[in-house]
1. (1) surrounded by fewer than 19 Cβ atoms within 10 Å (Cβ to Cβ); (2) part of a loop (DSSP other than H, G, I, E, B); (3) within 14 Å of chain B (Cβ to nearest Cβ): which one isn't true of residue A:165, the others all being true?
2. Could you tell me whether residue A:81 is surrounded by fewer than 20 Cβ atoms within 10 Å (Cβ to Cβ), more than 24 Å from residue A:17 (Cα to Cα) and under 23 Å from the mean Cα position of the chain (by Cα)?
3. Out of the residues in the stretch A:112-153 that are surrounded by 13 or more Cβ atoms within 10 Å (Cβ to Cβ) and not in a helix (DSSP H, G or I), state the one that is nearest to the other protein chains (Cβ to nearest Cβ).
4. Check A:226, A:194 and return the single one that is under 30 Å from residue A:17 (Cα atoms), touching a helix residue (DSSP H, G or I) at 6+ places or on another chain (Cβ under 9 Å) and free of Cβ contacts under 8 Å to residues at least 40 places away in the same chain.
5. Looking at (1) assigned to a helix (DSSP H, G or I); (2) within 12 Å of chain B (Cβ to nearest Cβ); (3) exposed (fewer than 15 other Cβ atoms within 10 Å of the Cβ), which is the only condition residue A:109 fails?
6. Can you tell which of A:171, A:127, A:135, A:146 is over 15 Å from residue B:162 (Cβ atoms) and modelled with pLDDT under 90?
7. Before we move on, is residue B:12 closer than 29 Å to residue B:215 by Cβ and either free of Cβ contacts under 8 Å to residues at least 24 places away in the same chain or not assigned by TED's automatic domain parsing to the domain that holds residue B:233 (or both)?
């Protein structure tokens, strides 16, 4: 047995309050080197405060933040080898693209020639070759996003923080960008930490993620692990859709795709009527009004379609071991 | 039709006297109100009038120095008001910065005079310059504060994140961003200093007579066409200053 590699970042019992509001409430979390980590949660859950504390813009009230095993409490933002990509991109409007990317390199007193070649390298990395002379207001939203990314990566931070990096992009571009970001992270071998409220985005990009609620971490794990074995009803409901079915004094969380729909009575199935039908192309989502429950069933559109319409009587069932038992 | 007429009437009311003054500055006659043909002789006479030239020189120096001082202090005050968030007395401080905008100038001038007397400072060029900086400071603060309030703070944070100290981030990113407002504030302060008479009457002393002071004292002895000429020059300078301030600060069209 070898010791596991020490974490790159460790939050130890970190608390932060703003006036009366508790933003972060005793968070302990490890992020490994080379990992793509996602902090996921609704707005106001403390994920942004946690990121800003790592960047150095806020200081924890209690607890410690270690980077490579060293407490960074005393380090101001400009001395931390941590760079952040801002949600608004925060490109400097009076500097062109190349100078924006070179900004951090100049502050490191890198020689002029090395800066120039690093900027070219970055432009190529984010596929903006030849646009070094453009000013930020001459770029499209997607281009601005890539400049912001290049600028934060250029000085080779130990960890790159991404604050809702795709919030301003339209859906199609967002999906493309997610894949690009993953490829980029793998290629650079750099540690990325993304903050997002979009569970699909977190699931796609992250190696591991933490689901947060009201300043606390509800569950940490790989997306698949969290999806298949949510720790509690909140996580089950926040990550994708779920049916919470009472089983003794606990709940069984069953995903819509694990539910089976039948037009004939089945042994152990719940009877109900179709309340909603939504067609998504690859799948159809049915909402079934059953006795004291509203069940969601997702059915892949392969083979013969079910001839169902709203109001039809149906029977919904699932395998006895489907989903996970969770505490309420 | 009525709209145009009312605008014309308003403008005539505002600028009629000034136009008259400019026209009469090119009057060949020695008598101020009798037109005797076009001439630039009074501008020539002005160039020979050492007292008047001295006054112009004093006015320009006071304007340059006091405007620069007011702009630096105004920038600091604006940063304090916009960026420090809530601090005890913030509202009071904010209100106090604006108070000189509405205080009668006579009272400001008098209080400054009392201060210099109490401090036993001889009145002259420097007391005048400091007074103008004091009075124009609030105008500069208002102009810069408006711009700073709309300036995206994440730009400054990005600069700090990329290795700038807080001061470095302000100089590298914020200052270029608010530069138009800073320049406009300077032009405004300079222009206000140029045409001030009240404060100068209280706080200036021998050897530091400004152009408005010189004009006022000469007018009391009788109007001379040379005054029209120098007034025309002063109007031109103020017009240039105000236009420059407006041009600099006017919101620019952003690219595609």
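1. (1)
2. It is true that residue A:81 is surrounded by fewer than 20 Cβ atoms within 10 Å (Cβ to Cβ), more than 24 Å from residue A:17 (Cα to Cα) and under 23 Å from the mean Cα position of the chain (by Cα).
3. A:135
4. When all the criteria are applied, what remains is A:226.
5. If we test residue A:109 against (1) assigned to a helix (DSSP H, G or I); (2) within 12 Å of chain B (Cβ to nearest Cβ); (3) exposed (fewer than 15 other Cβ atoms within 10 Å of the Cβ), just (1) comes out false.
6. A:171
7. Here the answer is yes, as residue B:12 does meet what is asked.
Rundown of residues vs (1) outside the structural domain of residue A:29 (by TED's automatic domain parsing); (2) over 26 Å from residue A:306 (Cβ atoms), yes/no style:
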residue: A:211; (1), (2): no, yes
residue: A:214; (1), (2): no, yes
residue: A:220; (1), (2): no, yes
residue: A:233; (1), (2): yes, yes
residue: A:239; (1), (2): yes, yes
residue: A:253; (1), (2): yes, no
residue: A:258; (1), (2): yes, no
residue: A:265; (1), (2): yes, no
residue: A:270; (1), (2): yes, no
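The values are calculated or read from the model by the stated rules, or taken from the named source; none is laboratory data. All of these numbers come straight from a predicted model, not from anything done at the bench. Note: ideal-geometry Cβ built from the backbone for every residue, glycine included; neighbour counts use all protein chains shown.
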